[in-house]
1. Note the angle between two axes, namely the Cα long axis of helix D:190-207 and the longest principal axis of the Cα atoms of chain D, as a number of degrees from 0 to 90, rounded to the nearest 10.
2. Taking the Cβ-Cβ separation of A:Arg164 and A:Ile139 as r and a Förster radius of 30 Å, what is the calculated FRET efficiency to the nearest 0.05?
3. Once the convex hull of the C-alpha atoms of the stretch B:120-177 is built, how many Å³ does it hold per residue, rounded to a whole number?
4. Measure of size requested: the Rg and Dmax of the stretch A:141-210, with Cα atoms as the atom set and Å as the unit; please supply both.
5. Between 0 and 90 degrees, rounded to the nearest ten: what's the tilt of helix A:62-88 against the longest Cα principal axis of chain A?
6. What chymotrypsin sites (Phe, Trp or Tyr not before Pro) does the stretch C:167-196 have in DSSP loop regions with at most 14 other beta carbons within 10 Å?
7. Skip the ligands, DNA and RNA, and give the accessible area per residue of chain A with a 1.4 Å probe, whole Å².
8. What is the stretch D:77-126 by shape, rounded, prolate or oblate, if you read a ≥ b ≥ c off the alpha carbon gyration tensor as root eigenvalues and call it rounded for a/c under 1.5, prolate for a/b larger than b/c, and oblate otherwise?
Protein chains: 4
Amino acid sequence: MRLRPHKDHEQSHATDVGTNRLEAFSDGIFAIAITLLALNLQVPILTTITPQALTMALGAKWPTYLTFMFSFVTVLIAWVYHHRLLQWAKHAETLLLFANGMLLLFISAIPFPTALLGAYLTTSAASVASAIYAGYIGILNFTYNLLWWVVVRQHRRDHPSSRRLPTSMILSFLGFPCYLIAFLMAFWSPAAALVICSILWIIWTVKAPDMDVVPPKGV
Amino acid sequence: MRLRPHKDHEQSHATDVGTNRLEAFSDGIFAIAITLLALNLQVPILTTITPQALTMALGAKWPTYLTFMFSFVTVLIAWVYHHRLLQWAKHAETLLLFANGMLLLFISAIPFPTALLGAYLTTSAASVASAIYAGYIGILNFTYNLLWWVVVRQHRRDHPSSRRLPTSMILSFLGFPCYLIAFLMAFWSPAAALVICSILWIIWTVKAPDMDVVPPKGV
Amino acid sequence: MRLRPHKDHEQSHATDVGTNRLEAFSDGIFAIAITLLALNLQVPILTTITPQALTMALGAKWPTYLTFMFSFVTVLIAWVYHHRLLQWAKHAETLLLFANGMLLLFISAIPFPTALLGAYLTTSAASVASAIYAGYIGILNFTYNLLWWVVVRQHRRDHPSSRRLPTSMILSFLGFPCYLIAFLMAFWSPAAALVICSILWIIWTVKAPDMDVVPPKGV
Amino acid sequence: MRLRPHKDHEQSHATDVGTNRLEAFSDGIFAIAITLLALNLQVPILTTITPQALTMALGAKWPTYLTFMFSFVTVLIAWVYHHRLLQWAKHAETLLLFANGMLLLFISAIPFPTALLGAYLTTSAASVASAIYAGYIGILNFTYNLLWWVVVRQHRRDHPSSRRLPTSMILSFLGFPCYLIAFLMAFWSPAAALVICSILWIIWTVKAPDMDVVPPKGV
């Protein structure tokens, strides 16, 4: 709800509860989506059961393990950054709820492109599968940037003198052009597309400590 | 539990915890149901693997993507409105727990009519699938209205002078007759049924900012 | 952790956090188990697709819908009563964590006997399926009673003069012999077993308002 | 975020919220992973349906039930100990978020080695399946130890005079060499590997009450 400054205590309490429920709901979807990724890991069914056959059948499924870890780290970084982002948001207003909902739509469906990439990474259709994967995470990044825009707009309404953009917002805007390049490169080399995604992770992970600051009051 | 006014501090603390757990449990089910929708998105299995074959097989699954997004937005709007509704509820009394449980029953099973519609939307059985879908969301809306009735009853018990109904309650009561019409029209045109559902969304999304007000004490 | 009375504020704060996490974790498992029940609702696959064939195929699945609702209400009532139970528990001590874990084990696996009953209710193996179902819920009730014992023991340690048992504990102890009778009757009549389970629900739902009281300090 | 001591109240409030969200997110993943274990319990499909055939088919699935309970208890103990661990952590700094994320990666995928062991425990490939299972839980234990290292490092930064290590950390470090032995013994005897894992549980469960103490300020 829209917070009116200097209102009575009961109202501001209700506001806090609102933001808490938004966080809890988002955390729930992040947690479920990240855990459902593991459903893509399937036990192999063998015609002749020997220790060697099981070892080989499990080994042959390496693209499934790789894409599982890939998407797990993606959702984890997205959660860490979302965690920082919502520290800037103070009011669970309707626009924020819907912008956040858009982001959650793409978080919740992430097991699908992950399973697709896992199934086709070692086939001749790897280009399409990895282009869809990179494009999908690109759109996810876009919805995240949209959410930043809503939060910064809210923050500036409360602190009109504030001009500085959060570091993590600038870092996030870096993502979209990179994912676009990854999407295009996927048709030429699927591995190159995944390498670009990995470099983005490393940047975001290394730069994450820079965000270890709560927005000061006068920003 | 039933809150007795003017009781000691420990009791009212326990009451707050109760309402918090109700919210957390509901948020959990909303979050899981919305995320399980994505399990309907299945990786196509190809007999001949080529980039073109994969692209076409993925494209042919558009009803699955459409219904996924449809149900995602439905559950998201239901969550936003549920979020507002529970701000009016102050005591986690047993009647509220069970009325809320009824709503959660229909939220939790929403992946089923969604998968049904996704599977049969482009077949000759589309009429039955879309009638069931519209009818299902109509019943969901009915349980939501029931919950409003319990909450308003509770609110009036605490504030006997209050006569004004919450805007979002009136908006919600609009849903049931519309879904009934959608249910009946589905037998004539499945698309028309889905259009009616979409119009309801737009109304509810546009009107949602009107609810950005916490119920004032004397309402 | 074991609360030592009259300790400093930081410690008692940590204790509260502990109980909150126990509640949150339990609510999470209740919410996920109740939502996973809906995965048993499967879209029928038709050889000849007509509106009539789809309607009939959906209608033939009535045992699946019945058992879904049956288990949903069971878990919902279990959650409502668990909610009351944890209001009596003040310290997240290790014994409580493991007793609660036992209960959660049987809550989390409830989709399995539910699916079993849904698959075999209309077959000649209905007796075995419903006996397992009734027996399973009986064991679930037993773990719940065990948890009550731990909580009452904790409560009496804090309030040595307290002798009165909570009403919901007595109601819960009613469950085990009834489920045992239901288990035995299942071999003679599966329907009779389910009727006994339903009567228990009605008693627990009707009696639930009696629990709308927080334990007074001197109980 | 990095807590600077003696900062204003708003900042420390934001810090608490950060730790709460970390706990909520972790609890969510623990709760979902533990509940998804139950998806491995599948209803048997019979060619000839009789009560005897159903009883026998269900009985033949005992490795599935055993491994379900095995992994459930593993995740439950991991959650109880994680619960204690996070009571030592006071700041949701980025390093902690990622170390915790590593642990959650292995928690979320635990249904996979569980299903593997359930499927192959009674076959000639039991050695490979149980070696993978023991090795997997060994790596899980390793990530948990890593998290302890981060938390203790954080704790010592805040309390430079503190030298005593938490009991549960020492108990946890016991796990890795035991799981390594279990991994190696699995190739000789799968049962022996599982017995070693069980002994660890009993030690951790019996020793858990020793941790029922919040870290005192000056530790």
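1. Helix D:190-207 sits roughly 40 degrees off the main axis of chain D.
2. In this case the efficiency is close to 0.60.
3. Details: hull volume 3.8 nm³, N = 58.
Per-residue hull volume (Cα only) is 66 Å³.
4. Gyration radius and largest Cα-Cα distance of the stretch A:141-210: 14.9, 48 Å.
5. With rounding to tens, the tilt is 0 degrees.
6. Values: sites: C:Phe173, C:Tyr179, C:Phe183, C:Phe187, C:Trp188; in loops: C:Phe187, C:Trp188.
Here the sparse-neighbourhood loop sites are C:Phe187, C:Trp188.
7. On the way: 8750 Å² over 219 residues.
Result: 40 Å² per residue.
8. It is prolate, given that a/c is not under 1.5 and a/b is the larger ratio.
The values are calculated or read from the model by the stated rules, or taken from the named source; none is laboratory data. Being a predicted model, the structure only gives us computed values, none of them experimental. Note: ideal-geometry Cβ built from the backbone for every residue, glycine included; neighbour counts use all protein chains shown. Ligands, DNA and RNA are excluded from the accessible area calculation, which covers all protein heavy atoms including side chains. Shrake-Rupley method; radii C 1.70, N 1.55, O 1.52, S 1.80 Å.
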